[in-house]
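S.K.: Below you'll find the structure I mean.
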Amino acid sequence: MKRREFVRTAGGATAAVAAGAGATGSAAAQEVQPEWPSGVTSGNLGSYVDARGQDEVTVQVGAGDGGLAFDPTQLWVDTGTTITWEWTGSGGAHNVQTVEDGGPASLDSGDPVGEEGTTYEYEVTEEDAGITHYHCVPHTSTGMHAGIAVGEDVSTVEVGGASDGWPEDIAYVGIVLHPHWVGLAAIFGVGLTFVFTFYQLKYGESAHTGHGGAR
């Protein structure tokens, strides 16, 4: 392949990769979530489910490796949805209760229990519209907090790093890969491609010419 053709091909491929990365970044920035209070976002596990359109949703009580989390931790539902909290039996005795001044929904499952299969049901109404922050009273200091958003009239924010089912932070072989790290790695790869191309064209052709003259 001639030098000019090689450079044109390499440059085109590099531009395509860069454009693809930019498109992915744009799509990633389009996910919208409720604007959760800090007490909710700091809750253990941190899983999120948009369950709008569903009539019934189940939340695990005592989720996670230590049994000290709600799963999903953050839940968005419509009015009229029935939420069932179901105990896993892990992490000790738990309950579900709205924190003081935590929002419109008055969640209260009663005294803490630890028996697996225990359930608490709550049907959200228009009076519960908005965001409610709740916790497990015995484990509030350990981060067993969560939240529910009800209805469409809630404050929202754009959350990046989630496109086509990819989470905001990607865990790979025990290392968390943030989206901007991936972008920096892509830029480094493009630069390395140009350096390799330059040396290949400059010194590769010189070496080839030298060998031809020795024949």
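S.K.: If we scan region 147-168, do we find a residue that is open to solvent by 60 Å² or more (accessible area, probe 1.4 Å), modelled with pLDDT under 75 and in contact with a strand residue (DSSP E or B) (Cβ under 9 Å, 6 or more places away or on another chain)?
M.R.: Checked region 147-168: at least one residue is open to solvent by 60 Å² or more (accessible area, probe 1.4 Å), modelled with pLDDT under 75 and in contact with a strand residue (DSSP E or B) (Cβ under 9 Å, 6 or more places away or on another chain).
S.K.: Return yes when GLU123 is at pLDDT 85 or above, surrounded by 11 or more Cβ atoms within 10 Å (Cβ to Cβ) and over 19 Å from TRP85 (Cβ atoms) and no when it is not.
M.R.: Spelling it out, it is not the case that GLU123 is at pLDDT 85 or above, surrounded by 11 or more Cβ atoms within 10 Å (Cβ to Cβ) and over 19 Å from TRP85 (Cβ atoms).
Residue-by-condition table, conditions (1) of a type in the set (Gly, Ala, Ser); (2) open to solvent by less than 70 Å² (accessible area, probe 1.4 Å); (3) modelled with pLDDT of 95 or more:
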residue: SER47; (1), (2), (3): yes, yes, yes
residue: TRP76; (1), (2), (3): no, yes, yes
residue: GLY91; (1), (2), (3): yes, yes, yes
residue: GLU100; (1), (2), (3): no, no, yes
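S.K.: Go through region 49-74 and give me each residue that's under 12 Å from GLY143 (Cβ atoms) and open to solvent by less than 10 Å² (accessible area, probe 1.4 Å).
M.R.: The answer is ALA69, PHE70, THR73.
S.K.: Across region 78-89, which residue is surrounded by the fewest Cβ atoms within 10 Å (Cβ to Cβ) among those that are out of contact with any helix residue (DSSP H, G or I) (no Cβ under 6 Å at 6 or more places or on another chain) and in a loop (DSSP other than H, G, I, E, B)?
M.R.: Checking each candidate, the answer is GLY80.
S.K.: Another one. Read through the list (1) out of contact with any Phe, Trp or Tyr (no Cβ under 7 Å at 6 or more places or on another chain); (2) buried (at least 18 other Cβ atoms within 10 Å of the Cβ); (3) of a type in the set (Val, Ile, Thr); (4) over 10 Å from ILE148 (Cβ atoms), then give the number of the only condition that THR132 fails.
M.R.: With (1) out of contact with any Phe, Trp or Tyr (no Cβ under 7 Å at 6 or more places or on another chain); (2) buried (at least 18 other Cβ atoms within 10 Å of the Cβ); (3) of a type in the set (Val, Ile, Thr); (4) over 10 Å from ILE148 (Cβ atoms) applied to THR132, the lone miss is (4).
S.K.: Listed residues THR73, THR88; which is among the hydroxyl-bearing types (Ser, Thr, Tyr) and under 20 Å from VAL150 (Cα atoms)?
M.R.: Only one candidate qualifies: THR73.
S.K.: Taking VAL96 and the conditions (1) open to solvent by less than 50 Å² (accessible area, probe 1.4 Å); (2) touching a helix residue (DSSP H, G or I) at 6+ places or on another chain (Cβ under 8 Å), which numbered condition does it fall short on, given that it satisfies the others?
M.R.: (2)
S.K.: Let me ask something additional. Out of region 102-114, which residues are aliphatic (A, V, I, L, M) and surrounded by fewer than 17 Cβ atoms within 10 Å (Cβ to Cβ)?
M.R.: The answer is VAL113, and nothing else.
The values are calculated or read from the model by the stated rules, or taken from the named source; none is laboratory data. Keep in mind it's a predicted model, so treat the numbers as computed, not measured. Reconstructed Cβ throughout: ideal geometry from the backbone, glycine too, with neighbour counts over all protein chains shown. Quick note on the areas: whole protein, heavy atoms, side chains included, nothing else; ligands and nucleic acids left out. Shrake-Rupley method; radii C 1.70, N 1.55, O 1.52, S 1.80 Å.
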